[in-house]
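The structure appears right after this line, and notes come after that.
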Amino acid sequence: MSDDFDPGKFVPVDFEAEEEHRSLIPPDPQPRPVQPAENSRRSFKVTISDEDYLAPDELDEIRANTEPAIPSFNNKPAFEVHIDDENDEYKEIEDSQLQYKGEIYFSNVKPVKPAVQQTAGTPKPVKNASKKQKSSVGSLVWYLVVLVILTAGVSLLGISCINDIIPLSRKDETVTVTVEPDSSTSEIIDLLSDNGLIKQKWFCKLFYTLETTLKNRNKTNVEEPVYLSGRYDLNKQDGFEAYLSKFKDTQIGKETTLVSIPEGLTCYQIFERLDKFGVCKKQKLISSLTGTKFEYSFFKAIPDNKSRTLKLEGYLYPNTYEFYVDSDPNSVIRKLLEESEKMWTDEYQEQADKLGYSMDEILTIASIIQREAANKDQMKDISSVIHNRLSHPASWPTLGCDSTETYIKTYVSPNVGPTEAAIYMQKYNTYNNQGLPPGPICNPGDDAINAALYPNETNYYFFRHDKHGKIYLARTQAEHDANANEVLRANSK
């Protein structure tokens, strides 16, 4: 053997000599199977014959000094080198299964991965970079979508709130609402919201609270405003503050007009007169009169009788009034009702109690007196006839007054129609029905009211008039028939 031989150095392999040498080795009776398995090693078997590289005397010396002796065939010693590499395709063979045949094994040799050559200035590739980029872009898109939706929602809400206070885009549409007596601001706002006049009632309540606080910041006690009950026709273009202003106090305008309302007019006649003078439209006044619960004490005492034509017939006190042109109907009616409240004094109430009649019944009697009497001087005599009959219902069950029928035929029927008027006629006919009609038949003046409360003391149960207004009173039916002849003679002249 050469002195320069170094077993640690790499020895070149002669693959042709290896094949020749392998042909001389008998086959292994029990070859070891190499089974592919997960995390197995891949084996490479290299057989190197040393006779091609060593002199015969050197080989003999190696064989003599090596224990155990390396088996050889045909005097050709050989040794094998197995280099095992990790590979998932082969199953690793346990060391206990190996049979030593003079081979040398190098196990657990991990393959060296080739280095990736990178150009200077090129960043290292990042795992899943495209996925992260896509995820970031998707999150940004969703964020922008949500932001746009929120911004649009807030903008629309803000526009809606402002539109309630200062109408910017509202239809020219009229909505009728009814304000109940003693309503609070919160209840008024709820009413406006329920009728579609405002959309954001929470904002209107907040706005009103802040505005009131700022206006009254130097005051210790701030009273809740008084809203006038009534039926109001509101335009959607007016706005929140205009609505509240309309409900609060009597309307203030620039132009005024004087209107004289004579005694004995019906509500329909009074409304026609007010319409003629430009105070308020007749239909609005009727709507307010029929749909409003007014706060006056006498209003609550009026019977809710379905047979009654108008609940407030008889309560619109005749007088001369100054009204604003284009007034609110509720303020107009209130002005008339306030005069009725002033007219009905405590003395009147005491006298009504003494007679055993309510205010409504006295006004009904007064309305008949107002329509039947030709002048003031006749009123107390006519009142005596009515009271005498009412006091003796067994003898005189009916009043027999033409004025109650005339009221339905002449004044009610044109406003409600013949069908409904016929229903009222059945109840207002004092020839067929006992006692007083369901309600007043006109709005009497103070003279008629006074006559109803203080009738003359007489024994009269009948009266007639000629065309000149002269009255003919009678105690019996015979006297009444005789007076009929007198009336015919007077009318013939």
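The values are calculated or read from the model by the stated rules, or taken from the named source; none is laboratory data. Just so it is clear, the structure is predicted and the values come from calculations on it, not from any experiment. For neighbour counting, all protein chains shown are included, and Cβ atoms are generated from backbone atoms with ideal geometry for every residue, glycine included. Areas reflect the complete protein model, heavy atoms only, side chains present, ligands, DNA and RNA absent. Shrake-Rupley method; radii C 1.70, N 1.55, O 1.52, S 1.80 Å.
Report yes if some residue within segment 477-487 is free of Cβ contacts under 8 Å to residues at least 12 places away in the same chain, of a type outside the set (A, V, I, L, M) and part of a helix (DSSP H, G or I); otherwise report no.
Yes - at least one qualifying residue is present in segment 477-487.
Is there a residue being open to solvent by less than 60 Å² (accessible area, probe 1.4 Å) and not in a helix (DSSP H, G or I) anywhere in segment 330-346?
yes
Being over 25 Å from LYS171 (Cβ atoms) and aliphatic (A, V, I, L, M) is the filter; apply it to segment 189-241 and report the residue that is surrounded by the most Cβ atoms within 10 Å (Cβ to Cβ).
Ranking the candidates gives LEU228 first.
Can you tell me which residues in segment 421-460 are closer than 21 Å to TYR315 by Cβ and among the acidic types (Asp, Glu)?
ASP446, ASP447
Only helices (runs of 4 or more DSSP H) wholly contained in segment 192-307 count here; list those with 1 or more residues that are modelled with pLDDT of 90 or more and within 37 Å of the chain's Cα centre (by Cα).
The qualifying helices (runs of 4 or more DSSP H) are 282-291, 297-301.
Please give the number of the condition TRP396 fails out of (1) within 23 Å of TYR454 (Cβ to Cβ); (2) open to solvent by 20 Å² or more (accessible area, probe 1.4 Å); (3) at pLDDT 95 or above.
Exception for TRP396: condition (3).
Report every pair of residues separated by at least 6 positions or lying on different chains whose Cβ atoms are under 6 Å apart, first residue within segment 381-395 and within 19 Å of LYS470 (Cβ to Cβ), second of a type in the set (Asp, Glu) and buried (at least 20 other Cβ atoms within 10 Å of the Cβ).
Listed by first residue and then by second, the contacts come to ILE382/GLU372.
Can you say whether SER383 is in contact with a helix residue (DSSP H, G or I) (Cβ under 8 Å, 6 or more places away or on another chain), within 13 Å of CYS401 (Cα to Cα) and either hydroxyl-bearing (Ser, Thr, Tyr) or open to solvent by 50 Å² or more (accessible area, probe 1.4 Å) (or both), as far as the supplied structure shows?
For SER383, the condition - in contact with a helix residue (DSSP H, G or I) (Cβ under 8 Å, 6 or more places away or on another chain), within 13 Å of CYS401 (Cα to Cα) and either hydroxyl-bearing (Ser, Thr, Tyr) or open to solvent by 50 Å² or more (accessible area, probe 1.4 Å) (or both) - is met.
Yes or no: segment 313-329 includes at least one residue that is in contact (Cβ under 8 Å) with a residue 60 or more places away in the chain, open to solvent by less than 60 Å² (accessible area, probe 1.4 Å) and part of a helix (DSSP H, G or I).
yes
Quick one: which residue in ASN491, ASN443, ASN459, ASN450 is surrounded by fewer than 18 Cβ atoms within 10 Å (Cβ to Cβ), at pLDDT 95 or above and among the polar types (S, T, N, Q)?
Going through ASN491, ASN443, ASN459, ASN450 in turn, just one is surrounded by fewer than 18 Cβ atoms within 10 Å (Cβ to Cβ), at pLDDT 95 or above and among the polar types (S, T, N, Q): ASN459.
Give the residues of segment 262-279 that are open to solvent by 10 Å² or more (accessible area, probe 1.4 Å) and farther than 21 Å from GLY445 by Cα, sorted by residue number.
ASP275, LYS276, PHE277, GLY278
Anything in segment 415-440 that is of a type in the set (A, V, I, L, M, F, W, C) and either over 16 Å from SER383 (Cβ atoms) or modelled with pLDDT under 95 (or both)? List them, or say none.
If the condition is that a residue be of a type in the set (A, V, I, L, M, F, W, C) and either over 16 Å from SER383 (Cβ atoms) or modelled with pLDDT under 95 (or both), then VAL416, ALA421, ALA422, ILE423, MET425 are the ones that fit.
Results for (1) part of a helix (DSSP H, G or I); (2) among the β-branched types (Val, Ile, Thr); (3) over 50 Å from the mean Cα position of the chain (by Cα), shown as yes or no for each residue.
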site: GLN370; (1), (2), (3): yes, no, yes
site: MET379; (1), (2), (3): yes, no, yes
site: PRO393; (1), (2), (3): no, no, yes
site: GLY400; (1), (2), (3): no, no, yes
site: TYR411; (1), (2), (3): yes, no, no
site: ALA421; (1), (2), (3): yes, no, no
site: LYS427; (1), (2), (3): yes, no, no
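Here is a list of conditions, (1) more than 20 Å from ILE261 (Cα to Cα); (2) over 54 Å from the mean Cα position of the chain (by Cα); (3) open to solvent by less than 70 Å² (accessible area, probe 1.4 Å); (4) of a type in the set (S, T, N, Q), and ASN375 meets all of them except one; can you say which number that is?
Exception for ASN375: condition (1).
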